[in-house]
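Report on the following structure.
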There are 2 protein chains.
Amino acid sequence: MAETESSGRRRGRRRQAQNVDKSHADAAFYHSVRNTLPRAEVLSQDQVETLHQTSLRVLEELGIRVLNDEARDLLADAGCEVRDEMMVHFPKDVVTELVSRAPGSMVWNGADGTTLDIGPDSLHFGPGSGCPNVTDTERGRRAGTLRDYIDFTQLQQHFDIIPFLGPSIEPQDVPIHERHLITAKVQLENSTKVPWVYARGTGQVLDSFEMIRIARDLSEEAFRQRIWTYTVINTNSPRQIDIPMAQGIIDFARWCQPTIITPFCLSGAMAPITETGSLTLSHAEAMAGIVLAQATNAGAPVIYGAFSSNVNMRSGAPVFGTPEHIRTNFGAGQLARHIGIPWRSATGTAGNAPDVQSAAETQLGLWGAVLGGANLIIHSAGWLEGGLTISYEKFIMDLEVCQTIAQVMKPVEATPEAIGFDAIAEVQPGGHFFDAQQTMNRYSDQFYEPLIRDWTNFGQWEEAGGIQTVEQAHTMWQQVLKDFEASALPEDRQAALDAFVDRRLKEGGAPPVD
Amino acid sequence: MAETESSGRRRGRRRQAQNVDKSHADAAFYHSVRNTLPRAEVLSQDQVETLHQTSLRVLEELGIRVLNDEARDLLADAGCEVRDEMMVHFPKDVVTELVSRAPGSMVWNGADGTTLDIGPDSLHFGPGSGCPNVTDTERGRRAGTLRDYIDFTQLQQHFDIIPFLGPSIEPQDVPIHERHLITAKVQLENSTKVPWVYARGTGQVLDSFEMIRIARDLSEEAFRQRIWTYTVINTNSPRQIDIPMAQGIIDFARWCQPTIITPFCLSGAMAPITETGSLTLSHAEAMAGIVLAQATNAGAPVIYGAFSSNVNMRSGAPVFGTPEHIRTNFGAGQLARHIGIPWRSATGTAGNAPDVQSAAETQLGLWGAVLGGANLIIHSAGWLEGGLTISYEKFIMDLEVCQTIAQVMKPVEATPEAIGFDAIAEVQPGGHFFDAQQTMNRYSDQFYEPLIRDWTNFGQWEEAGGIQTVEQAHTMWQQVLKDFEASALPEDRQAALDAFVDRRLKEGGAPPVD
C-alpha cells in the first residue's frame, strides 16, 4: 500500500489544481457539450421498428440465460418466464412496459456541486478504460500498476474534456479483494469528477458506495436521491448475463445509481456477421438488462450501451474504426432513440502502437459514435490493442481530437459585425486582414488553442529536433503529472475515508463474485 | 527529358494494370460514391440568405479588382461596371442572372468511356496537389522532380478511391515553359482518369487541350461537347483576380471545360477573422469567377470552390483540421447549395511529418468536408506543411481513411436473413457465431478489407518487428510502383502525342503568363 499512502501524502501541497496550460480549457463548456450535428441513420423508421420487434422476439421466443438466482427471481416476479437451464423468456408486453419506466435523462453529480447532464443531445467523452496493460514511450508495455492507475486518474482530472472518471488501468499489483477500496480511494482523493465503481459483487459495490458517501458527505438517503457514480455492465453475448453482471444491475438499481448496460456484440464472433444482426442481438440484450434494473427498482437510471464492431475474420479479434463499426453505431443510436434512453458508445483501435493507424481508427470510430448521437463515448482516449493496453501518449493525442470535435459544436456568429461587410470594406484588394479592426478586436480568443499541435514551419520544426506528435504528447503528460495537485478533501472526510479503508483492509477486503 | 523518355519506354510491358492487392478495390463503387450522411449546418436559412446578400453587396458596392483586360471587357459586356484601378462592380441582378446559368451537375469523362458524375450527392476524393516539395521516409524532404511526378501519377491511377488526377508535385527539374507538355504527357500515358491542366496562360492551356484530344481521339467539336479535364482557379483574396487566373476561367469556359473557382480565404489573413466573414468574402469571390465564366460562355461548367480555414495567429500560417476549418466547411456547403452549383472543398494539415498530428488534422478536415457535403475533396491524401510538401507514405495512409469513409456510405442490409433471427436462434447462449450458417455464407466479403491496417496481436506484431503504420505505407507504395503497368494508348495516338510534344518543345514550349 506504500504507493497509495505516498500518493495521499503528495497531496500535502494541497491547493487548487494548477495546469500546464489552461488557456485551451473551458470546463464549463466541455462539461456541457451539446451535439449540434445531425444524426446519421442507416435504417428507415420501418426498419428500426422491424429490428426492435425482432429483438423482442429474441427475448420472448429464444430467451436469455441469467446465471444469477436473485435476478431470475426478480424477473419472474416482473412477469418473465423462467425455464430449464436458467433460461428467462421475456414476454413482449413486459419488456415494453419495464423499458418505458427507465428515465430519458439524468444528472450525474461530482464534488462541490458540479453536475453533468446525460440526456438526448449531451456529448461526453470518457477515457479509455479496463486495460490490463499500460505503455509509454520511455518504459514500454507492461502490466498496469497502482502508480499507473494514480497517474491516469490525475490525467483524467486534469483535462476538462474528460468530465467523468473511468478505470483506465487494472492495477495488477493490488490484490483483487482490495482493489475496489484502493481504486475508489485514489479517485476520491485525486478528482472532483464522478467516479466509477466496478460491479464485482455486492460486497465491493457497497464498500465503494460507502466511500463515496464519506468523501461527498452524504447520508444514505442523500446518496440514493441523486447520482454519484456509475458502472458498466457487459452481457456475455450471445444471450447470457452472468452472476456479477446481474448482481451489479440489481445493486446499482437498488441504490438508484446508473448502470451502463453494454452488450459487446462483435459481428461474426459473439453476434451475427451482419450489422443489422448484431444490432438486433445487442438491442435484445440491452433491453434484458434494462428490464432487470426496472424489475429491481422502477425508474432506476440506466444507460443503453451499444459497442458493436466487427472482427478480423482471419483471427476472430475485434477491430475498430471500420465501416461496419461506424454504420453499426449509426443504427445503435436509432435504436436507443427508439426506446428513449440515453446511450453510450465507444471508439477503439486494434493497433498495437500509438501510431497513425491507431490514431486513424480511433478517430474514425469516434465520428461514428458522434454522428450516431451517443451521449457518452467511452474509450475516447488512450486505448490500444482493442483495450488490452492504454498508452499515456495516445491518451493525450486522442484528447486533442475530442476537444476539436467538442469545439465544432460551438455556434458560429452571424451578427452583422461578424459577417464583416465593414471588415471586408476596410481591406484593399490583395491586402490582408492581420491588422483590420475586426481582427484586432478578436485575435486573442477567436480560434481554438490546441493542446499539442505543432504549427511551426518545416525549418523551425526541423531545427527544434523534428519532434513527432507522440514525443510532444510524452512531454505533456509528464508535465501535467509533475504539476498536478489535487483539491483537498476536508480533513474530517479524509480521516473518515482513511479509517474506513484501513478497517476494511484489515477485515480482508471483499472478494469479487464469480 | 531523359526521365520522361524512360518513363515512356518502361511502358513497353504494356497490358492491363496489375495491382498489389485489388481485393479491397471496387472501382465501380469508389467512382460513384453518394454521400448518404446528413449535411451538417451552422447557419439558419435566414443566415444563409443574409450571408448571400452581404456577398452580393461586396460585389456590387466594393467590387473586385480584375487584372486581366479581356476579363474586364467580358464583364462590362455582361452588365458590370468597370471603374478606376481595374475595379469591377457587379450589379446584384447581373450576378443573380449569370450564376443561375451555371449547371447544377456535370459528367467528367476519362478514357475508355469511364465517367464521373459531379452532382448534388456525389463524393469524390482528390489527391494532395500543388506541392513544390516531396518527402518519403527513405530519401527525406526535397524539391519535387519529374520522377516524383510520374510516381504520383501512377499511384493516383492505381488507387480506385482517387477517381481523377491532380498535380501532386511541381516537377521543378522541368523548365516552366515545358512543364505543361511533360505533365500532360505523363498523365495521358500513365492514366485512364480525368487529367488536370494548370491555367498558366492560353498557350499552355491550348497545348494541353490538344494533347488530350490526341490521346482521347477527339475532334474539337467532340472535345467541347463533353468534359475531359479541369483546372483550379484561386482568386487572390481579398477581392482580386489576377491575369492568368482570369484567363484560365475564360479559356476553360470557351472550351466548355470546368474551372474549380476556389478563393483561398484564411480567416484572419486574407479574409475576416470570423467564420461568417470568411464565408462572405469567399462566396463573393467565387461568384465573381462564376460570373466571368458565364459571361464568357453561358452554361459553361463551373465548380464552386471553398477552401476556408484559419491561420495560426502567432505566425499567420494556415492551419487545418481546426474547429474553425470544419465549421467553415459546413457553412460553405450551405452557400454552395444555396446557389445550386457542385462544390469542391479540401482537407489539409500544417504538420511537418507523416505522424499522428498530420493524420488527425487531415481526417478532421476530411470529415468537415464530407459532412459539409462537398462533391470533390481535393488534398485528401498526402499533403503536409499546408501543401508545401507531399509525402508518399501519407498518401497511402490517408487513402485508408478515404476508403473507410466511402465504405460507410454503403447501405446496411435489413432483409429478414440479414437481421438474423434464425442466426441468433442457431447459437446457444454464451456460444459464438464463427461457424453459424449466416457467417459461413458471408464471411469472405462481409467486411471492408483494409489497405494497410495491421490487425495482428501485440505478440505477433512485436515479433514481426513492431512495424509502424508509416513503414507499412512505405512498403505499399514501393510495391505499387514496382508492379505498375499502364494501359497502353493505341499506337497511332501515342505516335501523334509524341510528335506533338516534340514539335512544341522544339518551338520553345509556352511560357506561363503573369
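The values are calculated or read from the model by the stated rules, or taken from the named source; none is laboratory data. What you are looking at is a predicted structure, and each value in this text was computed from that prediction instead of being measured. Every residue, glycine as well, gets a Cβ built from its backbone with ideal geometry; the counts of neighbours run over all protein chains shown.
Observations on the model:
- Of the residues making up the range B:389-397, one or more are part of a strand (DSSP E or B), more than 8 Å from chain A (Cβ to nearest Cβ), touching a residue at least 12 places away in the same chain (Cβ under 8 Å) and surrounded by 24 or more Cβ atoms within 10 Å (Cβ to Cβ).
- Taking the range A:236-260 as the range and being within 14 Å of chain B (Cβ to nearest Cβ) and at positive phi as the test, only A:R239 passes.
- Given (1) within 14 Å of another protein chain (Cβ to nearest Cβ); (2) in a loop (DSSP other than H, G, I, E, B); (3) farther than 29 Å from A:C131 by Cβ; (4) modelled with pLDDT of 95 or more, index of the condition B:L489 fails: (1)
- In the range B:327-364, the residue that is nearest to the other protein chains (Cβ to nearest Cβ) out of those that are assigned to a helix (DSSP H, G or I) and charged (D, E, K, R) is B:R327.
- Qualifying position, being within 25 Å of B:Q45 (Cβ to Cβ), β-branched (V, I, T), crowded, with 24+ Cβ neighbours inside 10 Å and in contact (Cβ under 8 Å) with a residue 12 or more places away in the chain, among B:T328, B:T259: B:T328
- One residue alone among B:T475, B:T469 is crowded, with 19+ Cβ neighbours inside 10 Å and at negative phi, and that residue is B:T469.
- Subset of the range B:372-388 [part of a strand (DSSP E or B), within 23 Å of B:T259 (Cβ to Cβ) and among the aliphatic types (A, V, I, L, M)]: B:L376, B:I377, B:I378
- Filtered residues of the range A:27-41 (kept if of a type in the set (F, W, Y) and surrounded by fewer than 20 Cβ atoms within 10 Å (Cβ to Cβ)): A:F29
- Residue pairs whose Cβ atoms lie under 9 Å apart, separated by 6 or more positions or on different chains, with the first residue in the range A:444-463 and among the acidic types (D, E) and the second loosely packed, with under 14 Cβ neighbours inside 10 Å and assigned to a loop (DSSP other than H, G, I, E, B), are A:E449/A:D21; A:D454/A:A464.
- Residue that is surrounded by the most Cβ atoms within 10 Å (Cβ to Cβ) [pool: residues in the range A:287-312 that are out of contact with any Phe, Trp or Tyr (no Cβ under 7 Å at 6 or more places or on another chain) and without any contact (Cβ under 8 Å) to a residue 60 or more places away in the chain]: A:S308
- Residues of the range A:34-78 that are facing chain B (nearest Cβ under 8 Å), of a type in the set (A, V, I, L, M) and outside any helix (DSSP H, G or I): A:L37, A:A40, A:V42, A:L43, A:I64.
- Within the range B:236-256, the set of residues being free of Cβ contacts under 8 Å to residues at least 60 places away in the same chain and part of a loop (DSSP other than H, G, I, E, B) comprises B:N236, B:S237, B:P238, B:W255, B:C256.
- Residues within the range A:399-431 that are small (G, A, S), in a loop (DSSP other than H, G, I, E, B) and more than 7 Å from chain B (Cβ to nearest Cβ), tallied: 0
- The single condition among (1) surrounded by fewer than 24 Cβ atoms within 10 Å (Cβ to Cβ); (2) under 26 Å from B:Q446 (Cα atoms); (3) at pLDDT 95 or above that A:A317 does not satisfy is (3).
- Every residue from the range A:458-484 that is facing chain B (nearest Cβ under 7 Å) and either at pLDDT below 95 or under 33 Å from the mean Cα position of the chain (by Cα) (or both): A:Q468, A:T469, A:V470
- Answer residue from the range A:261-271, given it is within 7 Å of chain B (Cβ to nearest Cβ) and aliphatic (A, V, I, L, M) and is farthest from A:I227 (Cα to Cα) among those: A:A269
- Extreme residue, nearest to the other protein chains (Cβ to nearest Cβ), among residues of the range B:365-380 that are touching a helix residue (DSSP H, G or I) at 6+ places or on another chain (Cβ under 6 Å) and closer than 16 Å to B:G128 by Cβ: B:G365
- Contact map, the range B:136-148: first residue within 14 Å of chain A (Cβ to nearest Cβ), second residue among the charged types (D, E, K, R), Cβ cut-off under 8 Å, separation 6 or more or different chains; pairs are B:T137/B:E393; B:T137/B:E471; B:A143/B:D173.
- Residue ID - nearest to the chain's Cα centre (by Cα), chosen from residues in the range A:437-457 that are more than 7 Å from every other protein chain (Cβ to nearest Cβ) and over 21 Å from A:D26 (Cα atoms): A:T456
- Matching residues, the range B:224-233, being crowded, with 18+ Cβ neighbours inside 10 Å and farther than 17 Å from B:K193 by Cβ: B:I233
- Of all residues in the range B:257-271 being among the hydrophobic types (A, V, I, L, M, F, W, C) and assigned to a strand (DSSP E or B), the one that is nearest to A:A425 (Cα to Cα): B:A271
- When residues of the range A:272-322 are limited to those that are part of a loop (DSSP other than H, G, I, E, B) and among the aliphatic types (A, V, I, L, M), the one farthest from the other protein chains (Cβ to nearest Cβ): A:A298
- Some residue of the range A:354-373 being more than 15 Å from A:R453 (Cβ to Cβ), touching a His at 6+ places or on another chain (Cβ under 7 Å), surrounded by 24 or more Cβ atoms within 10 Å (Cβ to Cβ) and in contact (Cβ under 8 Å) with a residue 24 or more places away in the chain: yes
- Residue within the range A:202-214 that is modelled with pLDDT under 95 and either part of a helix (DSSP H, G or I) or crowded, with 20+ Cβ neighbours inside 10 Å (or both) present: no
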